[in-house]
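Notes follow once the structure below has been shown.
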Amino acid sequence: MIKNSILALTTAVLVAGAALPAFAAPAPVESTDVDTSYLTDEVANDYTLLRLHEKGINATSIEEWNGKIRAFVVQDDGTQAMQLFDADSLAPVGL
């Protein structure tokens, strides 16, 4: 009786262990591989704002402007300034 219980428990553990890799999280996707063609303007703006924050830029809002990204950025002294960024790389653009 005990042997059957141990055998059943061992079998259940092995089956559960074999199923675990199916629940593993997928590998992270590089930001350059993300298809953004389905995004609405609001979602795309939020995504761009997140990318700016990841680069350490304290932007409060953004919008597309003449093929560039216009962001309103909080400066170190607390004032807010407008800055332009390249739409693809988010590198600062000088005028």
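The values are calculated or read from the model by the stated rules, or taken from the named source; none is laboratory data. Computed from a predicted structure; not experimentally measured. Neighbour counts run over all protein chains shown; Cβ positions are idealised from the backbone, glycine included.
For the subset of the range 15-38 comprising residues that are under 16 Å from the mean Cα position of the chain (by Cα), in a helix (DSSP H, G or I) and loosely packed, with under 10 Cβ neighbours inside 10 Å, which member is modelled with the highest pLDDT? Residue satisfying both the conditions and the ranking: 33.
Selection of first residues in the range 80-93 that are aliphatic (A, V, I, L, M) and of second residues that are modelled with pLDDT under 95 and outside any strand (DSSP E or B), restricted to Cβ pairs under 6 Å at least 6 apart or on distinct chains, gives the following pairs, ordered by first then second residue: 81/75; 84/93; 90/51.
Take the conditions surrounded by fewer than 10 Cβ atoms within 10 Å (Cβ to Cβ) and modelled with pLDDT of 90 or more and apply them to residue 41. Does it pass? Considered against the rule, which asks whether it is surrounded by fewer than 10 Cβ atoms within 10 Å (Cβ to Cβ) and modelled with pLDDT of 90 or more, residue 41 comes out as no.
Residues that are assigned to a loop (DSSP other than H, G, I, E, B) and under 24 Å from residue 40 (Cβ atoms) were ranked within the range 51-95; the one that is nearest to the chain's Cα centre (by Cα) is 55.
Kindly provide the set of residues from the range 71-80 that are among the small types (Gly, Ala, Ser) and surrounded by fewer than 10 Cβ atoms within 10 Å (Cβ to Cβ), ordered by number.
Matches in the range 71-80: 78 only.
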